[in-house]
1. Could you grab me the full set of residues in region 52-87 that are surrounded by fewer than 17 Cβ atoms within 10 Å (Cβ to Cβ) and among the hydroxyl-bearing types (Ser, Thr, Tyr)?
2. Give the residue, chosen from Asp77, Asp106, that is more than 26 Å from Pro36 (Cα to Cα), over 15 Å from the mean Cα position of the chain (by Cα) and of a type in the set (Asp, Glu).
3. Evaluate region 82-96: report whether one residue or more is assigned to a loop (DSSP other than H, G, I, E, B), β-branched (Val, Ile, Thr), touching a residue at least 12 places away in the same chain (Cβ under 8 Å) and over 19 Å from Ser8 (Cα atoms).
4. Criterion first (within 12 Å of the chain's Cα centre (by Cα), closer than 19 Å to Leu121 by Cα and aliphatic (A, V, I, L, M)) does Ala29 satisfy it?
5. Val117: modelled with pLDDT of 95 or more and over 25 Å from Val15 (Cβ atoms), yes or no?
6. Which pairs have Cβ atoms under 7 Å, sit 6 or more apart or on different chains, and link a residue in region 113-126 that is closer than 17 Å to Ser82 by Cα and without any contact (Cβ under 8 Å) to a residue 60 or more places away in the chain to one that is of a type outside the set (Asp, Glu) and outside any helix (DSSP H, G or I)?
Amino acid sequence: MSYVLEASYKHGAGVSLLRTDDDIEAFLAELLNAGPDYQSATVYAVDESVDEDPTHELVVGVDQATGLGAVRYAGDDGEWFSKGEQVNPNGVRYLYFGTAHEFPADSEVPVGQVQQVLRELLANGGTRPEGARWQAPTELG
């Protein structure tokens with residue numbers, strides 16, 4: 001099996017295909033610089049040799065100003081959010097095509113950890129990455 005990450009975040013940008021660590025790093029740099037309406041992306045690990053829909057979805061959000069991001073994974077084992085060290089009293093929201101994706105107030109992690117999660121998603125073919133601390137969803141808002 002040969003997996004690739006399909007990532008989408010911006011009108012007119014199409015789907016980015018991420019095959020290597022360098023691709024992932026370049027994509028995150030692009031996302032960090034995309035502007036306030038495009039801070040979040042959906043990412044799927046797909047097997048290029050099989051024509052079937054993925055059974056998972058990864059949503060990443062990043063903020064250039066803080067150097068932080070957040071991750072939401074949904075798959076066969078449920079929905080999970082990254083768990084950071086601090087609580088953001090203002091809540092955590094990243095815009096996806098101009099619409100907010102909300103995350104738990106304690107979900108922010110360094111962007112380097114977001115990058116690691118993407119690397120693991122590619123390496124393990126879409127199962128939930130183990131290199132992050134995860135938490136079940138809480139009421140957002």
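The values are calculated or read from the model by the stated rules, or taken from the named source; none is laboratory data. Quick caveat, the model's predicted, so the values are computed rather than measured. With ideal geometry, Cβ positions are generated from the backbone for all residues, glycine too; neighbour counts draw on all protein chains shown.
1. Result: Thr55, Thr66.
2. None of the other options fit; the residue is Asp77.
3. Yes, the conditions are met somewhere in region 82-96.
4. Criteria not met by Ala29.
5. no
6. Gln113/Ala132; Gln116/Gly131; Val117/Val71; Val117/Pro129; Val117/Gly131; Val117/Ala132; Glu120/Pro129; Glu120/Gly131
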